[in-house]
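The values are calculated or read from the model by the stated rules, or taken from the named source; none is laboratory data. For clarity, every value in this text was computed on a predicted model and none was experimentally measured. Virtual Cβ from ideal backbone geometry, glycine too; neighbours counted across all protein chains shown. Calculation scope for accessible area: heavy atoms of the full protein, side chains included, ligands and nucleic acids excluded. Shrake-Rupley method; radii C 1.70, N 1.55, O 1.52, S 1.80 Å.
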Amino acid sequence: MASRPPNRDLTQGPIARTLALFALPTLGANILQSLNGSINAIWVGRFLGESALAATSNANNIMFLLFAAVFGFGMAATIFIGQSMGRRDLDSARRAFGSAVGLIFWTSVVVGIAGWFAAPAILRLLETPGEAMPLALTYLRIIFLALPPAMLSVLITMALRGTGDAITPLWFGALASLLDVALNPLLILGAGPIPRLGIAGSAIASLIATCTALVALIAYIYARDLPIRLRGAELAYLRPGPASIGALVAKGVPIGAQMIVIAVAGLTMFGLVNREGVDTSAAFGVTLQLWAYIQMPAMAIGAAVSAMAAQNIGAGRWDRVNAIARAGLLQNFAITGAMVLVLLVFDRAVMALFLGNASPALPIARHIQLLASWGFILFGGTMVFFGVVRANGAVLGPLLILLVAMFPVRLGFALALRPMLGVDALWWSFPVGSVMTVTLAGLFYAYGPWRRAPAMRMATAG
């Protein structure tokens, strides 16, 4: 058996450099995943038309809400694993990982089976257009079949990052993305002995890519004896008791709820934008495409800060925790700020790829970017603050901050100032919400009780 490679110890070495080296592979994985989704949307739209594209969009919205829950439990496991690695308590890290796998995998199997049968009702609830309904039903049912391996892949990826390994998730995420992109046109159109499967081919391509990458990842983990591998008596950790489940739920549900709050606020805002007409709606849709990429550095740095802070808290290195937060804030300001600046300089050329140079939506989209894009620099600061406090188990504070900033502040501003500012009230509400979020997050980081929380340990029995 190959020996286990040395694990990255996030409690040692220069903080800024260690953080950057850890965040960059995570950023690369996020970019690959987004590019994968964009390319697959192009395949479906070009080969199968608008109805098929609408069908996949409806199904993907449902999957986003389900993955929000997995993100919560995965992040909870990452925190337990990170603190355990910082204490050099490998058994506790494996116990946390095994408990998370046992909880998430079997839950996703039940949800996948229920989703297969409930798919028609779910799509009717979303008011899926009639012409897209049959396609959406086919696509969604296959995606529900892919739910267990997809969720397990996400969980393993996050657990590896908790041990300090951001490179392995990048390589196997790239494998899944490349397989998905290559198989999509092949299965949609058919070739040789492969029949033309249409929209089902797109979903099956994702299923094959996910399962192949997952099997390869698990084989690699055992071949290299990585810290989260389970053997012998450790396999019992896959049957978590009530105490272990309770620990994961207590931390995972509020973290997942944060993602759901953001998603619901976004859907509500889209409803307000849709009232402004087709051109404004199209402009906002393109803007969201670009904003997804602007947010990626903040998300990657926030995840890196959380894993790094968790290991240092577990090791009792509180002297490094504040320095980690400072390094995260500076790196976010530099990287996200540069991306915003580049986008503002080249926005017309980039947006024309989606809209065309003569589109009446193009000037609207550029106007939105000018008013609102700078707020994502502040959003990155929020991710850093949340990442640090979450590393010691503080999850309710960030959830309450998001609830206040997204609804009474952002949406309240948009509705209250609409008569005075017109449609610009919608665009200004984004940076206004970001100012409130980063302010409250900074205050919670500076004065909140999160530093006094006891060490996070997975229950050893029950």
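As a summary of the residue check, Val438 satisfies the conditions (1) modelled with pLDDT of 95 or more; (2) over 20 Å from the mean Cα position of the chain (by Cα) except for the one numbered (2).
For segment 174-185, indicate whether the set of residues that are hydrophobic (A, V, I, L, M, F, W, C) and either in contact with a Lys or Arg (Cβ under 7 Å, 6 or more places away or on another chain) or more than 30 Å from Ala23 (Cα to Cα) (or both) is non-empty. Scanning segment 174-185 turns up no residue that is hydrophobic (A, V, I, L, M, F, W, C) and either in contact with a Lys or Arg (Cβ under 7 Å, 6 or more places away or on another chain) or more than 30 Å from Ala23 (Cα to Cα) (or both). Flag: Gly316 matches the condition of being outside any helix (DSSP H, G or I) and either more than 29 Å from Thr107 (Cα to Cα) or among the hydroxyl-bearing types (Ser, Thr, Tyr) (or both). Can you name every residue in segment 119-175 that is within 19 Å of Ala216 (Cβ to Cβ) and open to solvent by 50 Å² or more (accessible area, probe 1.4 Å)? Correct list: Ile167, Trp171, Leu175.
For the residues Ala114, Ala96, Ala136, the requirement of being in contact (Cβ under 8 Å) with a residue 40 or more places away in the chain, among the aliphatic types (A, V, I, L, M), within 30 Å of Leu230 (Cβ to Cβ) and assigned to a helix (DSSP H, G or I) singles out Ala96.
What residue, among those in segment 330-372 that are open to solvent by 60 Å² or more (accessible area, probe 1.4 Å) and in contact with an Asp or Glu (Cβ under 7 Å, 6 or more places away or on another chain), is farthest from Pro431 (Cα to Cα)? Among those residues, the one meeting the criterion is Pro360. On the stretch given as segment 303-329, residues that are within 13 Å of Gly82 (Cβ to Cβ), of a type in the set (A, V, I, L, M, F, W, C) and open to solvent by less than 10 Å² (accessible area, probe 1.4 Å) total 8.
Candidates Leu330, Leu353: the one that is out of contact with any Gly (no Cβ under 6 Å at 6 or more places or on another chain) and free of Cβ contacts under 8 Å to residues at least 40 places away in the same chain is Leu353.
The helices (runs of 4 or more DSSP H) found entirely in segment 407-456 that carry 1 or more residues being open to solvent by less than 50 Å² (accessible area, probe 1.4 Å) and farther than 20 Å from Gly380 by Cβ are 412-416, 424-447. Residue check: Ala209 meets all listed conditions (1) assigned to a helix (DSSP H, G or I); (2) in contact (Cβ under 8 Å) with a residue 40 or more places away in the chain but one, namely (2).
In the condition set (1) part of a helix (DSSP H, G or I); (2) open to solvent by less than 30 Å² (accessible area, probe 1.4 Å); (3) at pLDDT 80 or above, Ala263 is compliant with all but (3). Of everything listed in (1) outside any helix (DSSP H, G or I); (2) open to solvent by 10 Å² or more (accessible area, probe 1.4 Å), the single unmet condition for Asn392 is (2). Does Phe144 satisfy the condition of being at pLDDT below 90 and part of a helix (DSSP H, G or I)? The answer is yes for Phe144. Here the condition is being touching a Gly at 6+ places or on another chain (Cβ under 9 Å), over 21 Å from Leu140 (Cβ atoms), at pLDDT below 90 and part of a helix (DSSP H, G or I); of Ala77, Ala52, it holds for Ala77 alone. Kindly evaluate Gly271 against the criterion of being closer than 29 Å to Ile401 by Cα, open to solvent by less than 60 Å² (accessible area, probe 1.4 Å), without any contact (Cβ under 8 Å) to a residue 12 or more places away in the chain and assigned to a helix (DSSP H, G or I). Yes, satisfied. Scanning segment 179-193 for residues that are free of Cβ contacts under 8 Å to residues at least 24 places away in the same chain, open to solvent by 40 Å² or more (accessible area, probe 1.4 Å) and assigned to a helix (DSSP H, G or I) yields Ala182, Leu186. Taken together, Val249, Val305 contain a single residue that is farther than 15 Å from Met383 by Cα and assigned to a helix (DSSP H, G or I), which is Val249. A count restricted to segment 75-98 and to residues that are small (Gly, Ala, Ser) and either surrounded by fewer than 19 Cβ atoms within 10 Å (Cβ to Cβ) or over 21 Å from the mean Cα position of the chain (by Cα) (or both) stands at 5.
In segment 242-265, the residues that are more than 20 Å from Asn392 (Cβ to Cβ) reach residues that are open to solvent by 60 Å² or more (accessible area, probe 1.4 Å) with C-beta atoms within less than 7 angstrom, at least six apart or across chains, in these pairs: Ile260/Leu65; Val261/Leu403; Ala263/Phe64; Ala263/Leu65; Ala265/Phe407.
The set of residues from segment 324-356 being more than 15 Å from Val305 (Cβ to Cβ) and in contact with a Phe, Trp or Tyr (Cβ under 8 Å, 6 or more places away or on another chain) comprises Met339, Val340.
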